[in-house]
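What follows is a single structure, written as structure tokens, with notes after it.
We did not get these values from a lab; they are worked out from the coordinates using the rules stated. Every value quoted in this text rests on a predicted model; they were computed, and no experiment measured them. Neighbour counts are summed over all protein chains in view; Cβ atoms, including those assigned to glycine, are modelled from backbone coordinates with ideal geometry.
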Amino acid sequence: VLFFMVNTGGCFSMNLMKVAEKYIGKLNATAGGTIISWGLVVEGAHAQPPVTVQVEWMIYGACTPRVYTVVPKDICTGYFSWHPYEDAVSPFRTELNAPLPVRYPWLKSSTVKLNLNRLPVQPVIQRWGSPARGKVPSVFASRCSFVAKVTLDGYFAYFKGYDTWVPVPITALASRTDGLVEQNGKLTYYVWGTYSGLMMCY
């Protein structure tokens, strides 16, 4: 289902700060305007655990080409890019160690640390061995859709004065309209887009 949404362009534009601001605005309206401030990151202001973020998994699918036609080689330079259809904007770092290369199976797997909130603009370059000068490389290019599951757990808070911080579970921000759902007591959203890999092997 998720890859179908990627391929058909169905995606959510999600700004966690704006979702929280809207929630606090509604809460403040019913509280008679007594909320002075709020924050998604308010450590030490209350006894509940702060919000933490985890990228539970990242998978690839709908890759082209499906069949490898290149001769296996183990001295390579790879150029890798991730292009999200919609970025999730939040004050939290959504990091994971992504394995590389994705579609070239003959090399020892390497990893690169990605922050899904701020994917690199320029291609990430990885090298396996040192290519000999003067050799003409074999080129293998691949393109895939990717989906990553991100979960948030813990509490944010708002301030009502008199040194009173009121904790709120992050799951209170669940909104299918914004692509935020509650699953197993955590707030969950998905990031999806396109991955591109270019391998030059000698």
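What's the FRET efficiency of R118 with T30 using the Cβ-Cβ distance as r and R₀ = 25 Å, to the nearest 0.05?
Approximately 0.10, to the nearest 0.05.
Assigning unit charges at the beta carbon (Lys, Arg +1; Asp, Glu -1) and nothing else, what dipole magnitude in debye, to the nearest 20, does segment 2-201 show about its Cα centre?
840
Using mean Cβ contacts within 10 Å as the protection proxy, how do 189-201, 166-178 order, highest first?
Ranked from most to least packed, the peptides come out as 189-201, 166-178.
Sequence-distant or interchain residues sharing an amide H contact under 5 Å with G193, placed H: which?
So G193 has HN proximity to Y85, F146.
Any idea what the relative contact order of segment 36-121 is, in percent, if you count C-alpha pairs under 8 Å spaced at least 6 apart?
28 percent.
When the distances between all Cα atoms of segment 69-143 are binned every 5 Å from zero, what whole-number percent does each bin get?
3, 13, 23, 22, 15, 11, 7, 4, 2, 0
Can you figure out the FRET efficiency of R133 with V41, using R₀ = 41 Å and their beta-carbon distance, to the nearest 0.05?
0.20
Show me the three semi-axes of the equivalent ellipsoid for the chain, from the C-alpha gyration tensor (sqrt of 5 times each eigenvalue), largest first, rounded to whole Å.
43, 17, 12
With a 10 Å radius around each residue's Cβ, average the other Cβ atoms per peptide and rank 18-27, 77-86, highest first.
77-86, 18-27
So which lysines pass the test for K108, namely a Cα distance under 17 Å, with those fewer than 8 places away in the same chain ruled out?
Correct list for K108: K73.
Give the cross-link partners of K186 among the aspartates and glutamates, using a straight C-alpha distance below 15 Å as the criterion and excluding same-chain residues fewer than 8 apart.
The qualifying aspartates and glutamates are E56, D153.
Could you pull out every one of the aspartates and glutamates with an alpha carbon less than 20 Å from that of K135, ignoring same-chain neighbours closer than 8 positions?
Partners found: D74.
Given the -39500 (n - 2.57) contribution per DSSP H run of 4+ residues, what per-residue ellipticity at 222 nm results for the chain, rounded to the nearest 500 deg cm²/dmol?
It comes out at -3000 deg cm²/dmol, rounded to the nearest 500.
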